[in-house]
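Okay, so here's the structure we're looking at.
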Amino acid sequence: MNELSQQIAQLRRDYVSRLFDESQVAGDPFEQFKLWIEEAIQAEQPDVEAMTLSTSADGRLSGRIVLLKGFDARGFVFFTNYESRKSRELDAHPQAALTFYWHTLNRQVRIEGAVEKASRQESEDYFRTRPRGSQIGAWASPQSDVIVSREMLELRVAEIEARFGDSEIPCPPFWGGWRLSPIQVEFWQGRESRLHDRIVYQNENGAWRIVRLAP
Ligand SMILES: Cc1cc2nc3c(=O)[nH]c(=O)nc-3n(C[C@H](O)[C@H](O)[C@H](O)COP(=O)(O)O)c2cc1C
């Protein structure tokens, strides 16, 4: 190992956190997620809504960060380009995982399940709330495609700006939401001496079973 690798391997920190056990968790993972994300917001966790989205295609895996834009008992929603690599992978294999890390509270949440596209109405409603620059970006960027240069992207932005002028920018047909409906959700609370708490909700025929896993 080189010096930097050794330095990284030596990094240590003890997670000192409050108790987290089966007796105090909510009855379903959505309610528990709501409690934790509210606490993360209160703790001023930066980028609280940033999550790693893992997808797969033909046995090859890929991950990237996307932003959580909403959740309820139906699932967890993010928005993206429907022709991007992630969307192509989700079309081919509609299963995914989402991972949050809230370091200010020593917490991780892992969500696994099936995905489906959000309704057109939902995507359009959300698109309308985005800043104009992001709306133009969504039209201009052929997300995940190889492009010859940054200038090509800027040219496309100028074209889109000219095309829509001052009028409202509609949601591109190739852009919208995905909703992950969880089959399993794990809440991980870092604790002293690596004796972390791991509480997992498993969906069994519509009911949530709560179990504890070894850290
Ligand atoms: C903090 C952060 C937030 C991001 N949020 C989104 C998002 O909500 N939607 C999105 O499509 N890409 C988002 N991205 C970019 C993705 O990580 C990724 O680069 C892009 O979606 C292309 O991924 P793909 O080629 O695997 O489809 C975000 C990146 C970062 C670092």
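The values are calculated or read from the model by the stated rules, or taken from the named source; none is laboratory data. Remember, it's a predicted structure, so these values are computed and weren't measured experimentally. Don't worry about glycine lacking a Cβ; one is built from the backbone with ideal geometry, like all the others, and counts go over all protein chains shown. Quick note on the areas: whole protein, heavy atoms, side chains included, nothing else; ligands and nucleic acids left out. Shrake-Rupley method; radii C 1.70, N 1.55, O 1.52, S 1.80 Å.
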### Message
Restricting to region 53-72, give me the number of residues that are open to solvent by 50 Å² or more (accessible area, probe 1.4 Å), near the ligand (Cβ under 9 Å from one of its atoms) and either among the polar types (S, T, N, Q) or more than 15 Å from the chain's Cα centre (by Cα) (or both).
### Response
0
### Query
Does residue 98 satisfy the condition of being hydrophobic (A, V, I, L, M, F, W, C) and without any contact (Cβ under 8 Å) to a residue 60 or more places away in the chain?
no
#### Entry: Subset of region 107-135 that is over 19 Å from residue 86 (Cβ atoms) and within 15 Å of the ligand (Cβ to nearest atom) - its residue that is least open to solvent (accessible area, probe 1.4 Å)
135
## Note on the structure
Going through region 29-52 in order, the residues found to be open to solvent by 50 Å² or more (accessible area, probe 1.4 Å), within 26 Å of residue 205 (Cβ to Cβ) and not aliphatic (A, V, I, L, M) are 31, 34
## Note on the structure
Within region 141-158, of all residues that are outside any loop (DSSP other than H, G, I, E, B) and within 16 Å of the ligand (Cβ to nearest atom), the one farthest from residue 173 (Cα to Cα) is 150
### Task
Could you list all residues from region 28-52 that are away from the ligand (no atom under 15 Å from the Cβ), closer than 16 Å to residue 112 by Cα and either part of a helix (DSSP H, G or I) or not charged (D, E, K, R) (or both)?
29, 30, 32, 33
### Query
So residue 59 fits all but one of (1) modelled with pLDDT of 95 or more; (2) more than 19 Å from residue 200 (Cα to Cα); what number is the exception?
(1)
### Message
Within region 73-94, does at least one residue satisfy the condition of being open to solvent by 60 Å² or more (accessible area, probe 1.4 Å), part of a strand (DSSP E or B) and at pLDDT 95 or above?
### Response
no
### Message
For the condition assigned to a strand (DSSP E or B), open to solvent by less than 80 Å² (accessible area, probe 1.4 Å) and more than 26 Å from residue 94 (Cβ to Cβ), what is the one hit in 169, 199?
### Response
199
#### Entry: Subset of region 183-196 [closer than 14 Å to residue 36 by Cα and either in a strand (DSSP E or B) or without any contact (Cβ under 8 Å) to a residue 24 or more places away in the chain (or both)]
185, 186, 187, 188, 189
### Task
Using the structure shown, decide if residue 178 is open to solvent by less than 70 Å² (accessible area, probe 1.4 Å), more than 17 Å from residue 33 (Cα to Cα) and not in a helix (DSSP H, G or I).
yes
